[in-house]
1. Name the single residue that is modelled with the highest pLDDT among those in segment 26-63 being within 29 Å of residue 5 (Cβ to Cβ) and outside any helix (DSSP H, G or I).
2. Between a first residue in segment 1-20 that is free of Cβ contacts under 8 Å to residues at least 40 places away in the same chain and at negative phi and a second residue that is in a helix (DSSP H, G or I) and surrounded by 10 or more Cβ atoms within 10 Å (Cβ to Cβ), which pairs have beta carbons less than 7 Å apart while being 6 or more apart in sequence or on different chains?
């Protein structure tokens, strides 16, 4: 149970950091995008990064 909670927290932390970084990167460009457009861009980039990079790395680190 403790490993599952730890993994859940690690995934949440990675998602939060990725969403924050991508939101900052979009706003840094100076382009004004409505909220639905921002969420579309962020989710389009975030889901593959989580599935193919971050979650496999976290799984390899599990004891």
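The values are calculated or read from the model by the stated rules, or taken from the named source; none is laboratory data. From a predicted model like this one, the values you see are computed outputs, not experimental measurements. Ideal geometry is used to build each Cβ from the backbone, glycine not excepted, and the neighbour counts take in all protein chains shown.
1. Across segment 26-63, the extreme among qualifying residues is 62.
2. Sorted first by the residue in segment 1-20, then by its partner, the pairs are 15/50; 18/46; 18/49; 19/42; 19/46.
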